[in-house]
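Just below is one structure, and these are the notes that go with it.
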Amino acid sequence: YTGYFSFFPGAKYIFDAVDNWAEHPNYKKFREKLLENYKIIASKSHVIFTVADTLREVFGKRDDLYWIPNGVDTDHFQKNVEPFFYSFELHRPLVGYVGVIQKRVNFSLIKYVAEKHPRMMFVFAGPVWKDAETHLVKNMPNVRFLGFVPYKNLPGLIQSFDVAIIPHRVDEFTQSMDPLKMYEYLACGKPMVSTPVAGVNNMGEYVETAVTPEEFSEKIQKALQEESPERQNTRKEKAREHSWKNRVQLMMNLILRNHENVS
């Protein structure tokens, strides 16, 4: 809805684009309206931020458009907390995912990896949408769905993972994203394996990327074999560079600079 622009005549408008919703598979019937609204937003906004580099294409070339990736509350995720234990956590190694579980999660990939490694436990924390293809793994003994987990409990849950994963499909929608979970995994010091979706390439050595199910399986094994306390500490230190405090400070500096230019 773009009608809010008329509520504050004369104001300076800041827009933060978190994903390209015009490419979301669940919103296909609204695609034309979303694209129309993006054009209105582009014409009305004085500063636009996007979480993904590719998302800048939606708004066209302009001097007041900035790519600012997601961040993380390092204080929250690095505090000492009681582990968020479940009975199945006695079954190790524990490979985990947090976030909304929808069609973007490639459960064909998960089915392959879970069958390949029956001694590993794969857990998914988050609300499950109807379009998620969970039926592919529903009856597998080493795959569990936890449902919604409160934000306050996420540090304890992620800290209990042996490997954290981002098994997303690679499509137009996931190429407009910057996985928030990636920064949360990093802040908890966890090794990560991901498909090559947008954002993970910017994390370099801190995320192992895999194109095929076979490669995904191999990268999980590699992460387990190479893990050490030193690697965990290095990841936690790296996460501090991506704190929300740093992100917000950068955004405020850009807003103020643009305000001076248009005043």
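Structure data summary
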{"read-out": "Length added when fully stretched, residue 211-residue 149, from 0.36 nm per residue minus Cα-Cα", "value": "19.4 nm"}
{"read-out": "Probe 1.4 Å, protein heavy atoms only - accessible area per residue of the range 147-257 in square angstrom", "value": "46 Å²"}
{"read-out": "Residue-normalised accessible area of the range 21-94, given per residue in Å² at a 1.4 Å probe", "value": "60 Å²"}
{"read-out": "Rounded percent of accessible protein surface that carbon and sulfur make up, the range 106-263, 1.4 Å probe", "value": "51 percent"}
{"read-out": "Of all DSSP beta bridges in the chain, antiparallel share, percent nearest 5", "value": "5 percent"}
{"read-out": "The chain, relative contact order [Cα under 8 Å, separation at least 6], %", "value": "20 percent"}
{"read-out": "Whole-number percent relative contact order across the range 157-196, with pairs defined as alpha carbons under 8 Å at least 6 apart", "value": "61 percent"}
{"read-out": "Förster radius 30 Å - calculated FRET efficiency between residue 119 and residue 57, Cβ distance, rounded to 0.05", "value": "0.10"}
{"read-out": "Cα-based shape type of the range 101-143, given that a ≥ b ≥ c are square roots of the gyration tensor eigenvalues and the cut on a/c is 1.5", "value": "prolate"}
{"read-out": "Under 18 Å, Cα to Cα: Lys pairs in the range 30-120, sequence gap 8 or more or different chains", "value": "4"}
{"read-out": "Normalised contact order of the range 44-197, rounded percent, pairs of Cα under 8 Å and 6 or more residues apart", "value": "28 percent"}
{"read-out": "5 angstrom amide H check on residue 209, placed H, neighbours 5+ away", "value": "194"}
{"read-out": "Additional length obtainable on full extension of the chain from residue 27 to residue 7, 0.36 nm per residue less Cα span", "value": "4.5 nm"}
{"read-out": "Cα shape, the range 61-146, gyration tensor, a/c 1.5 rule", "value": "oblate"}
{"read-out": "Square roots of 5 times each gyration tensor eigenvalue, C-alpha, the chain, largest first, Å", "value": "35, 22, 16"}
{"read-out": "Sum of side-chain charges, residue 120 neighbourhood, beta-carbon under 12 Å (Lys, Arg +1; Asp, Glu -1)", "value": "+2"}
{"read-out": "The chain: calculated mean residue ellipticity at 222 nm from DSSP helix runs of at least 4, using -39500 (n - 2.57)", "value": "-10000 deg cm²/dmol"}
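The values are calculated or read from the model by the stated rules, or taken from the named source; none is laboratory data. None of the values given here were measured: they were computed from a predicted structure. Cβ sites come from the backbone with ideal geometry, for glycine too, and all protein chains shown count toward neighbours. For the accessible areas, the whole protein counts, side chains as well, though only heavy atoms, and no ligand, DNA or RNA atoms are used. Shrake-Rupley method; radii C 1.70, N 1.55, O 1.52, S 1.80 Å.
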